[in-house]
Amino acid sequence: MNHNNFLEKIVIIDYGSQFTQLIARKVRELGVYSEIINSNQIRRLKKNKSIKGIILSGGPLTITNKNSSSLDNRILGQNLPILGICYGHQILAKKFGGRIKVSKTREFGKSFVKSILKSPITKNFFKHRSNQVWMSHQDIVYKIPPDFKKIASSDNSKFAIISNEKKKYYGIQFHPEVSHTINGKILIRNFVLNICKIKKRWNLKRQKAIMISAIKNKVNKDKVICALSGGVDSSVVALLLKRAIGNQLTCIFINTGLLRQNEEQEVLKIFRKKLKLKLIYVDASKLFLKKLNKVTNPESKRKIIGKLFIQLFEKYAKKVRKMKFLAQGTLYPDLIESRSVTGSTSSKIKSHHNVGGLPKKMNLALIEPLNTLFKDEVRRLGLQLPLPKAILLRHPFPGPGLAIRIPGKITKEKIDILKEADFIFINELKKSNLYNKIWQAYAALLPVRTVGVMGDSRTYEYICLLRAVTSEDGMTADFFYFNKTFIQRVSNKIINSVNGINRVVYDVTSKPPSTIELE
Ligand code: XMP
C-alpha cells in the first residue's frame, strides 16, 4: 500500500533552488504532506484528487535567456492554486503575458516590501506597512499580466507579490521559506491551509509509515547492508530498516581508528546487546591510518576515507547472498553542501564522506531514507522508533571523524592526544549541564606547536582548539558563549592531564563564514 496516495498534498516543482527542501520542510511543519517533482519530470504529474496546490520553486536559471523553460501546460491543467516563488514567480507571470527583464540593480539579501493591496496570501503577514524579506534575484517582473494585481512591492521589485485571486495564482519575488524573511511562514500557511484548504493530516508517525513502506517496496526480497556509525542518523536508518525488512538487514560498523574515546565499545553494547541488531564489526584502524599517511589536503582526506568505507562495505556485502543495497544516514544538508546544486563548482562546499566522497562506480545501490530531512526532524523521527535518548541527543559526529579535526598530517600519536582532550571537554560539558544546550562540540588538534612553561621547564607542544556551536540544522551556526570559569577549568584539565598539549584556544567564528568542522 502506498500511504501517500491517500494524503492531501502540495506538489512542489523544483527548478533547482538551494531552498526547495526548505519549502517542503515549511509545508511539513504546517502538518501537511508535500512531494517534490523535478521540473524535467513534470510528465510524472498525474491528475490526482489528493493534490490540492502547486508551489513553483526558485532556481538558478535566468528567465530572460531565450532557452529558459516556460510554465508547463500540465501544471496549469491541474486547475489548482499555484504559488510561484522567485523564478517560479517570474515563470508564472511570463506565462500569462507579464514581462521580465534583467534588473540593473541585483537584489541579494535583506530587503523590505510594502503592502499595496489586501489579499488572502498576505493575511497577517504585514504587522506594519512594510516587512523585512530575503531576496535573491537578478531578473524582475516589470509588467504584470493583465488579469493579475500588485499586492506588495519593494524598492527594486515593483511587483514583489502579485495575484490573480479568481484563479488563485500567486507570485512572490522573495523567499518566504528562509528564516530571514520575517513572517515568511505566514505566507506559506496562508497558501497551504487557507487558499488550498488542505487538512492537517501529516505527522512524523505517517512519515515513518511512508518511509517503511518505501523501503519495503524498494528492497523486496533482497538484502541491505547498513553503514552504522553509532550517530543519530545512521542509527535511525538502521531501526527504520529493521522495522521494514527485519532479517534482511545486516549492519556494519567500521572502526576507522578516528572515533571518539571508547566509541567502539559503546556502539557494540547498544546495538548488539540492547537493540539486537545483526552487526558486523570491522577493525580497520591500521588500514585507515596507512592510507592517510602524509595526506594533508582536506578534500583528499575525505575522498580517501569515503573510498575506503565503500571498499569495506562491498567486501563484507559480498559475503552475504543477495546483498544488493547499501543504506546510510545521509541528511539533506549533507547533499546540498556536497553537490553543486546549480552545476557550478563554486557552490560545492565540501565532500561529506557519505555523499561527495563516494566513488563513481559502486556495486551496491544506495538507500538514503533521510536525504530530504534536517537533523532536528531526524531526532524527532528517532523518538518515534523509539531510539534510546542517549543516542538521540548525541552531538553529530562526522563520518571522516578525527581526520578532519587534525588539520595537516595525521599520526597515531596525534589521534591519541586528541581523543583524550575531546573526552575531557565533552565530559565537562555534561557535568555542567551544558551538553544539551549545545548543538555540537569537539576538540581539534592544530598542526602547530608552541612554547610553554610547566614546573619551571620549557615545553614545546600542540595547540588544542575547542569548538562549540549552537545551530538549528547545521546549515548555519553560532559559537557558544561560555563563562570564564568553565572554559578556564576545561583548559586547565586538558593541559594538566594530556601530554602533548600546552595551549588551549576557543574558536569564536560562526558558520558562515567558517564551517563547523575545520576541514
Ligand atoms: P560543516 O563542517 O560542513 O558541518 O559545517 C556541518 C555538519 O555536518 C557534519 N559533517 C559531516 N557528517 N560526514 C558526515 O556524516 C561528513 O563527511 C561530514 N562533514 C561534516 C559536521 O560534523 C556538522 O555537524
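Readers should treat all values here as calculations from the given coordinates under stated rules, not as data from a laboratory. In this text, all values refer to a predicted model and were calculated from it rather than measured experimentally. Neighbour counts run over all protein chains shown; Cβ positions are idealised from the backbone, glycine included.
Values computed for the structure shown
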{"item": "Antiparallel content of DSSP bridges confined to segment 459-519, in %, to 5", "result": "45"}
{"item": "Nitroxide proxy distance, nm - points 7 Å out along Cα→Cβ at residue 389 and residue 434", "result": "2.2"}
{"item": "Whole-number Å³ per residue for the convex hull built on Cα positions in segment 217-392", "result": "127"}
{"item": "Principal-axis tilt of helix 484-497 within the chain, Cα atoms, nearest 10 degrees", "result": "40"}
{"item": "Neighbour-count ranking [beta-carbon atoms within 10 angstrom, fewest first] of 380, 394", "result": "380, 394"}
{"item": "Projected label distance in nm at residue 64 and residue 283, using a 7 Å step from Cα toward the beta-carbon", "result": "6.5"}
{"item": "Extended-chain gain in nm, criterion 0.36 nm per residue less alpha-carbon gap, residue 293 and residue 106", "result": "62.6 nm"}
{"item": "Whole-angstrom Cα spans of segment 392-519 along principal axes, big to small", "result": "45, 32, 26"}
{"item": "Principal-axis tilt of helix 232-245 within the chain, Cα atoms, nearest 10 degrees", "result": "70"}
{"item": "Longest to shortest principal axis, alpha-carbon extents of segment 222-271, angstrom", "result": "34, 17, 16"}
{"item": "DSSP-defined beta bridges in the chain - what % are antiparallel, rounded to 5", "result": "50"}
{"item": "Neighbour-count ranking [beta-carbon atoms within 10 angstrom, fewest first] of 34, 153, 70", "result": "70, 153, 34"}
{"item": "Whole-Å semi-axes of the ellipsoid equivalent to segment 97-162 (Cα gyration tensor, √5λ, descending)", "result": "19, 17, 7"}
{"item": "Calculated FRET value between residue 74 and residue 124, using beta carbons and R₀ = 35 Å, to 0.05", "result": "0.60"}
{"item": "Segment 3-195 - Rg over Rh from alpha carbon coordinates, Kirkwood radius", "result": "0.93"}
{"item": "Modelled label reach - residue 213, point 7 Å along Cα→Cβ, segment 21-50 residues with backbone N closer than 17 Å", "result": "32-36, 48-50"}
{"item": "Gain on full stretching of the segment that runs from residue 49 to residue 273 - 0.36 nm per residue minus C-alpha separation", "result": "75.9 nm"}
{"item": "The chain - Rg over Rh from alpha carbon coordinates, Kirkwood radius", "result": "1.01"}
{"item": "Label-zone membership for segment 145-176, site residue 99, 7 angstrom Cα→C-beta point, backbone N under 13 Å", "result": "145-146"}
{"item": "Helix-only [θ]222 nm of the chain, DSSP H runs n ≥ 4, -39500 (n - 2.57) each, per residue, nearest 500", "result": "-8500 deg cm²/dmol"}
{"item": "Alpha carbon centroid spacing (whole Å) that separates segment 27-84 from segment 373-395", "result": "31"}
{"item": "Cα-based helix-to-principal-axis angle, 20-29 vs the chain, degrees rounded to 10", "result": "90"}
